[in-house]
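All remarks here apply to the structure that follows.
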Amino acid sequence: MSISTENALKLLEGAEAKIARERAVVGLDGFVDSIIRIVDKRQADGTATHIEKISKWAERVDAAAGKSTKFELSVQQLKLGGNGPIMAHALINFGLPLTCVGNMGFPDLHAIFQPMKKECSVITVADASYTDAIEFEDGKIMLSRQDSARDVTWETLQRVIGKEKLLALFDQATFIALNNWTALPGMSDIWRQMQAEICPKLSPLAAGRRRKIFFDIADPEFRLKEDVAMAMDLVGRFQKWFDVTLGLNQKESEEVCEALGISSVGTTREDILKRAGLLQAKLGVEGMVVHATKYAIAASATGSAIAEGPYDPRPVISTGAGDHFNAGYCLGFMLGGELEQRLQLGVSTSGYYVRTAKSPTIDNLRKFLQEYS
């Protein structure tokens, strides 16, 4: 067993009792996800093979130019989606008491989210969005319908939840995750209003603790660079009241660097380690995390760390893997772990999920760490 695994397991000692004492708010999106494979060949007996590589599908699409073609979509699973709800579901499995807020159906909660009501508090403020997640062995293509996400605004939160309850919700939380900035046009204004109306009124935590907050902006390629830069400035400003962590995948880290005017090229571990450090220093946040397919990297003002992931070339599911990484990392964050411990819990949570299509409990995580160390 590696020292990294031993340290992660040590952090999980008594973790169930510790995490049960925390309180969280997670949001603010909500999607209904269809997990889809594209049929390659359908046999006479009804069985089918699927297109395994994105490049193979691209070739078939390209060959249809000037003609026409058809693809059969095989829905493998219908599940709750959105960066907030998926991360919330993973954190619930760790035993974290939380409130999940987002656009999950309105005025009634969409049926796909109904089971969450048995496990946590759910506040829905607008109709759900929808994603067709087309999965391949080497990645996925996400096709989203998210017009309803425009209704997630500061005004909507205040109207549906109420001003005083909204303040109380954040005041009672020791951990907050505000995810999917890209899909929510009103998110920057929500952050700005929080900094003006919520953060200055938060009561101090006991024993000099600071609240923790996590951000996953989720694929900013579709937003203007100046808007990305503005959002990153707002993320950095939260450090006044919280220990802030920003989580990005490899592609997102490149896009954020470009928006901020940070010169950062290359795809090696060393390149990404440097990029994480540059972003952390630029934003002034407590932690900067970049997760790639086979490993993850984190940087803080005092150092950096890397954790190799238990990579699976044939995942059962990949949609939601990043959200599960975030949940595992934030479990370590809440438990007071060092960067390497947080990363190890992140890659292990994701590794368990892609192999089983299930969110692990803390005990599942212990056993997985021991098995794949």
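For segment 214-269, a residue qualifies if it is among the aromatic types (Phe, Trp, Tyr) and either surrounded by fewer than 21 Cβ atoms within 10 Å (Cβ to Cβ) or over 16 Å from TRP181 (Cβ atoms) (or both), and the qualifying residues are PHE222, TRP241, PHE242. Here SER304 clears all of (1) polar (S, T, N, Q); (2) surrounded by 22 or more Cβ atoms within 10 Å (Cβ to Cβ); (3) free of Cβ contacts under 8 Å to residues at least 40 places away in the same chain except the condition numbered (2).
Take the conditions hydroxyl-bearing (Ser, Thr, Tyr), assigned to a helix (DSSP H, G or I), over 16 Å from the mean Cα position of the chain (by Cα) and surrounded by fewer than 22 Cβ atoms within 10 Å (Cβ to Cβ) and apply them to SER148. Does it pass?
So SER148 passes the test.
Quick check on segment 119-145: of everything there that is part of a loop (DSSP other than H, G, I, E, B) and hydrophobic (A, V, I, L, M, F, W, C), which residue is farthest from TRP181 (Cα to Cα)? Result: CYS120. In segment 253-275, which residue that is over 14 Å from MET288 (Cβ atoms) and among the aliphatic types (A, V, I, L, M) is modelled with the highest pLDDT? That would be ALA259. Of the residues contained in segment 235-257, none is found to be closer than 20 Å to ASN103 by Cβ and part of a helix (DSSP H, G or I). None of ALA177, ALA183 is within 24 Å of ASP127 (Cβ to Cβ), assigned to a strand (DSSP E or B) and in contact with a helix residue (DSSP H, G or I) (Cβ under 7 Å, 6 or more places away or on another chain) except ALA177.
The values are calculated or read from the model by the stated rules, or taken from the named source; none is laboratory data. A quick note: this is a predicted structure, and the numbers were derived from the prediction, not measured. So basically every Cβ, Gly included, is an ideal-geometry build from the backbone, and we count neighbours across all protein chains shown.
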